[in-house]
1. If you put +1 on each Lys and Arg Cβ and -1 on each Asp and Glu Cβ, how big is the dipole of the stretch 202-328 around its Cα centre, in Debye rounded to 20?
2. Taking Rh as the Kirkwood radius computed over C-alpha pairs, what is the Stokes-Einstein D of the chain at 4 °C in a medium of viscosity 1.567 mPa s, expressed in µm² per second?
3. Between Y117, L192, V167, whose Cα lies farthest towards the positive end of the dipole of the stretch 115-194 when Lys and Arg beta carbons carry +1 and Asp and Glu beta carbons carry -1, centred on the Cα centre?
4. When the Cα atoms of the stretch 162-269 are enclosed in a convex hull and the volume is divided per residue, what value in Å³ results?
5. Could you give the angle, 0 to 90 degrees to the nearest 10, between helix 99-113's Cα long axis and the longest principal axis of the Cα atoms of the chain?
6. Counting pairwise Cα distances across the stretch 216-301, what percent come out greater than 19 angstrom?
7. Could you list, in their original order, any pairs among K6/K280; K147/K269; K215/K312 whose Cα atoms are separated by more than 21 Å?
8. For the chain, find the longest principal axis of its Cα atoms and tell me its angle to the long axis of helix 158-167, 0 to 90°, nearest 10.
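No lab work stands behind these numbers, since they all come straight from the coordinates. Only a predicted model underlies this, so the values are computations on that prediction, with no experimental measurement involved. When we count neighbours, we look across all protein chains shown, and the Cβ atoms used for this are built from the backbone with ideal geometry, even at glycine.
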Amino acid sequence: MLPKRKLGRQGLEVSAIGLGCMGMSQSYGVPDDVESMATIHRAIELGVTFFDTAEVYGPFHNEELLGRALKGRRDQVVIATKFGFRIENGKNVGLNSRPEHIREVVDASLRRLGTDYIDLLYQHRVDPDVPIEEVVGTMADLVREGKVRYLGLSEAGENTIRRAHAVHPISALQSEYSLWERNLEPRIIPLLRELGIGLVPFSPLGRGFLTGTAKRAEEYPEGDFRRGDPRFQGENFDANMRAAAVVRELAAQKGATPGQIALAWLLHKGEDIVPIPGTKRRKYLEENVGAVHITLSADETAVLDQALAPDKVSGPRYPEHLMRQIDR
């Protein structure tokens, strides 16, 4: 079974690797509910207890799918979901973290998930129009009412994290962090450790760059997130494939897959880090979970750190309109 890790100081315990469910509903290829449900069930068999979703994934489809898959298994798992967007006619049209909206979203998420409580509730993106104190105050009320157990933030900056944590303890920050996206290292990770907040890295495999499966932007179909990702385009793509070659080389030496090396690197960065690699296929789930058995020496970690240092990765991590939603 998978080892467990604690997120925050409030007692939230999860498997050392979780399962990001977003790709089962959107952004990466065609959904396959049958294989996705089988992947969720296989994850539980392998000891994964931590499942990540959000109302905006789909929208709504992902929470419904996870709710169906977890029927009869609720007591075996930790469910994380998120609010923070305004969804109209099935489309995300902007941010909304107003207190009354948070309550509406949480009640709807509970119905879709088929549960009477959410283990970990995140604000998905910081809403500049609503003070974080109001947001977390509303989330804390939901904890007192028994609808939510622990609180989290996603892609929040230092000032927001401090202000939020002063209202109610924050258990986890979810943000992009991996060998090829290191923006949290200078200031955010030290702050999380100061305050006792766990880190849940999404996209820990660099959207395929760290597994060696990435293709050029134009090779992905319309609607696939990677088609508009600057790092998959033109010269950026070539530079990033060269930088990621060291992961493939080390994997070959150790008899592992490149993805396992990338996840092992994250797991070695601290016991307070729980990556949530996303997949909708059992094959990749089993590969990802196997990363807990990979040991990296200090020298191997240093080689990886150096090869994929921030100045070796080419292009911003999001198109400009998405970068504007990140609270840094």
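1. Working: 18 positive and 18 negative charges, 72 e Å.
The dipole of the stretch 202-328 has a size of about 340 debye.
2. Numbers: Rh = 19.9 Å.
So the translational diffusion coefficient is about 65 µm²/s.
3. L192
4. Working: hull volume 13.3 nm³, N = 108.
Here the figure is 123 Å³ per residue.
5. 70 degrees
6. That fraction is 52 percent.
7. Values: K6/K280 25 Å; K147/K269 32 Å; K215/K312 19 Å.
K6/K280; K147/K269, as the Cα separations exceed 21 Å there.
8. 30 degrees
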